[in-house]
Structure formats: C-alpha cells, structure tokens
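Below is one structure, written out as structure tokens; the observations come after it.
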C-alpha cells in the first residue's frame, strides 16, 4: 500500500572461478518510492536486501525495479516487480491512525517527530511528538469531514502535557499528564468547509509525548 514499506531478498552466486566482489544498485523507482540495496557491496555467494519505502503520494501501479550487480568480470541484472496499491481513506478521513504502516505519512511533524516501536498502546507502532524548549513538537494531518456535523476525536496518549485536538474548521482539544497510556476524547462540530487538522503535541521543555490508535467517530 502507498505509504508503507517492504523488502525482498537478493541472492548472488558464483557461476565460475573464484568469488568476486559485487557492487549492487537498483533503478526504476517511480516518484514517491525510494529503493535501496543493503549492503551495497557483497562477495558473490552472499545475499543482500532490496528495501522499498513509499509515500502516500506514490501512484498506484506495477513497476519493474532492476537490480544490477557489477563485478570485475561483468554485469548481471535481475528484475523485481513492485506493485503499489492506493490508500483508501476511511469515511472519517483519518488515515494511519494506528501508525501501523510503520511510516509517518500522512502525518507531518515538527523536528524529531517519528514513528516509534516503543512505547505503543497496541500493534507495533506509535507516534512520537518531540517537544523541546523551542517547539511543542506538533504532529498533524488534515482531514475533510461533513460540514456542520458533530464528531468525536479520540486517541491514546502518554507523556507530560500531551495535547490532542483539532484546528481549522473546528477548534477543540484535551490534554493530560500521564506516565502510562491514557485515552483522550475531543468532541467537536465542523463548520461550513468540514476540513480540520488533527494534532498531537507536547509542551515547551516537557519532553516527548506519544500517541496511538487515533480515530474520529
């Protein structure tokens, strides 16, 4: 799915003579897709990994990725087929609410914001907002809802002065000081456009806060 990551194994072999050093590269990645090979150099007979990372802007489709191995005696290629499927926003527009894609997209964060594997409320990943002396660390995404309609934003948060809220066509928030996971709920009513920005942030100088399992109902 667009916005997620995957990987594939690359095998090399000695076909004649002694094992040579091979430089590995990959080409053919479309816009919104980053493809890399690690390690970039191996001895023939050992393996490597093709790493694929996509953004939510990646266009759905099938793309051939060509892995090239270059050694002293020649070059060999192998083609991998990458299939990108589109993201389908849920009816409330909130995407990647549990961060289970392992990628931030479509969330955007101030410096230090990230997807983390600990602490998490459920699943494998959660959102980190990095509050420092100079910033609240806000992480946010914009969603379009029905105009003039009542909703409730909910999410699980952890940390000093963890704020959950919406801005834009509605303004509402809630916060807590919690060393463990605490559920916050934020009722709000949209205006004429229905477009709101959902955010998580901490407070200046209070350290990182974490969020997980966001939803709008």
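General observations
- The packing ranking, built from the mean of other Cβ atoms within 10 Å per residue, places the peptides 167-178, 121-132 in the order 121-132, 167-178, highest first.
- Order of 163, 80, 204 - criterion: other Cβ atoms within 10 Å of each residue's Cβ, fewest first: 204, 80, 163
- Tensor-based shape of region 101-140 (alpha-carbon gyration tensor, a/c under 1.5 rounded, otherwise prolate or oblate): oblate
- Summed over all non-identical Cα pairs, the Kirkwood treatment of the chain gives a radius of 19.5 Å.
- With both labels modelled 7 Å from their Cα along Cα-to-Cβ, the residue 147 to residue 172 distance reads 2.0 nm.
- Ranked from largest, the principal axis spans of the Cα set of region 108-216 equal 37, 30, 21 Å.
- Relative contact order [Cα under 8 Å, 6+ residues apart], the chain, whole percent: 18 percent
- The Stokes-Einstein estimate for region 5-84, based on a Kirkwood radius over Cα pairs and taken at 37 °C with 0.692 mPa s viscosity, is a diffusion coefficient of 248 µm²/s.
Read-outs: derived from the displayed coordinates by stated rules, not from any lab. Since the structure is predicted, the reported quantities are computational estimates derived from the model, not experimental observations. FYI the Cβ positions are ideal-geometry reconstructions off the backbone, even for glycines, and counts take in every protein chain you see.
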